[in-house]
2 protein chains.
Amino acid sequence: MFKEGVTKKEVYAQVLEQAIALFEGQKNWVRVHYIFVSTIANDFLGLSNLSNTASLLYHGLRSLPSPIGDVNWAGFYVLDPKHPNQLILGPFHGQVACQTIQFGKGVCGAAAQSGVTQLVTDVEEFPGHIACDSASKSEIVVPIVQDGKVVAIIDIDCAELDGFDLEDQAALENLADILAKSCDF
Amino acid sequence: MFKEGVTKKEVYAQVLEQAIALFEGQKNWVRVHYIFVSTIANDFLGLSNLSNTASLLYHGLRSLPSPIGDVNWAGFYVLDPKHPNQLILGPFHGQVACQTIQFGKGVCGAAAQSGVTQLVTDVEEFPGHIACDSASKSEIVVPIVQDGKVVAIIDIDCAELDGFDLEDQAALENLADILAKSCDF
C-alpha cells in the first residue's frame, strides 16, 4: 500500500486521508458503553477505526528510511473506565505491550497527565520510562483531548534514537484532533 | 520473544500460556457494555487481551518456517452489537482490513454463520471469498462460541497456499475456548 521512496509528508497525508475516509463510515463504529464501578457514563470507542489506524501508522512509517523506518510499535492506549487515572492498552502493531499505565508514569503517563505531546529522543533519559519493549529507543506520545480531558493517547516507539521530529508531532496532533472530533471516547 | 528454530507446537504452547497469563489479570479487562438499537445487553470485551493476543499470534507464527511463517494477518472480528448478523473488525496485526463482514460472506462469514472452523487451503477456491488483502492465499477462521452463540472469530491469513493444518486448528480451537471462558463478549 505504501510504496518505496515515499516521503514522510506523503505517508502522513495518506494516513490522514484514509483515516478520515474510515471515520466517515459511521456505520462501522463499535459503540460501546463503559461500565463504571459506581456510575454509568456514555462513552464510545471506535474499535474498528483505531485497529485500522494503528495498521496505517505502523506500515506507513516503516516504509520510510531510518530512523523513522525503524518504528517498532504503533498504537493506542485509552482511558480506563474503571480507573480514571489509568490507561489501558488498545489496538496496536508491535510486540506485546503493558496492559495498563498509570497517569504520570513514563512517557505515555506523562502525556496523559499533562495533555501535552511528549517527543522523546532517548527514552533512557526520560524519568520513569516504562520499558515494555527493550528495543525501543525513542518515542512520541500524543494525547487525544476531548472537552479538555485526555481520553486516549497515540503512542509510537522507534528502535533508533531521535526517531521523531516536529513534522511527526504536527501530523500526529492533526490525527489526534481528527480522532477527538470523530469519536466519542 | 519467539526464538528462531522453535516448533509450531512450542509457539502455540507459548501463545496459550501467555494468553492465559494475560487473561488471569482480570483487572486489565476493558468491560464494555454494548448499546443495541432497541435493547441493552450485558456484553463485555477484553480489548487489551485481544490486542495482545493478536500480537502473540502474529509474531509467534511468523517465527516459523514457510508456509505458516508467511502469515500476513492475524486478529479478531467481533459480533456487531448493532447488527447481530454482522462482524466488525477488532484488534489485529497486518494490513488494513474490511471493517464489517456479513454473516455468510466469505471465510469469516461462513465460520460466524456455521459456528464451525473454516480451514481453507486456497482462498480463491472459496465461494464468495472477500479479498481484503490480495496477498492472502490461505486462511483459517475459528469461531469463539459462548452459550451456543458465535460472539467473535479468530482470523489468520497466510501469503502461501495451504498455510494451515489440523495442528493449527486444534491449537486455535483451544485458544477460542479459553477466550470464550475468560471473557463475556
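The values are calculated or read from the model by the stated rules, or taken from the named source; none is laboratory data. Bear in mind that the values here come from a model prediction, so they are computed numbers and not experimental data. Note that each Cβ is placed from the backbone with ideal geometry, even for glycine, and that neighbours are counted across all protein chains shown. Side chains included, ligands, DNA and RNA excluded: accessible areas come from the protein's heavy atoms. Shrake-Rupley method; radii C 1.70, N 1.55, O 1.52, S 1.80 Å.
Within segment B:109-139, being open to solvent by 30 Å² or more (accessible area, probe 1.4 Å), aliphatic (A, V, I, L, M) and assigned to a strand (DSSP E or B) holds for one residue alone: B:Leu119. Among the residues of segment A:71-94, count how many are at the interface with chain B (Cβ under 10 Å from one of its Cβ atoms) and among the polar types (S, T, N, Q). Residues in segment A:71-94 being at the interface with chain B (Cβ under 10 Å from one of its Cβ atoms) and among the polar types (S, T, N, Q): 1 in total. Scanning segment B:66-108 for residues that are of a type in the set (Val, Ile, Thr), at pLDDT 95 or above and either in a strand (DSSP E or B) or under 26 Å from A:Arg62 (Cβ atoms) (or both) yields a single hit, B:Val71. When each of A:Ile178, A:Ile153 is tested for being in contact (Cβ under 8 Å) with a residue 12 or more places away in the chain and closer than 20 Å to A:Ala13 by Cβ, the lone residue that passes is A:Ile178. Of the residues making up segment A:143-154, none is part of a strand (DSSP E or B), of a type in the set (D, E, K, R) and surrounded by 23 or more Cβ atoms within 10 Å (Cβ to Cβ). Restricting attention to segment B:155-175, the residues being more than 17 Å from B:Phe126 (Cα to Cα) and crowded, with 20+ Cβ neighbours inside 10 Å number 3.
Can you find, within segment B:46-65, the residue that is modelled with the lowest pLDDT among those that are open to solvent by 10 Å² or more (accessible area, probe 1.4 Å) and within 10 Å of another protein chain (Cβ to nearest Cβ)?
Let us first name the residues in segment B:46-65 that are open to solvent by 10 Å² or more (accessible area, probe 1.4 Å), namely B:58-59, B:62-65.
Still in the list and also within 10 Å of another protein chain (Cβ to nearest Cβ): B:58-59.
Numbers: B:Tyr58: 95, B:His59: 92.
The residue in question is B:His59.
From the list A:Ile68, A:Ile101, the one residue that fits, being within 14 Å of chain B (Cβ to nearest Cβ) and among the β-branched types (Val, Ile, Thr), is A:Ile101.
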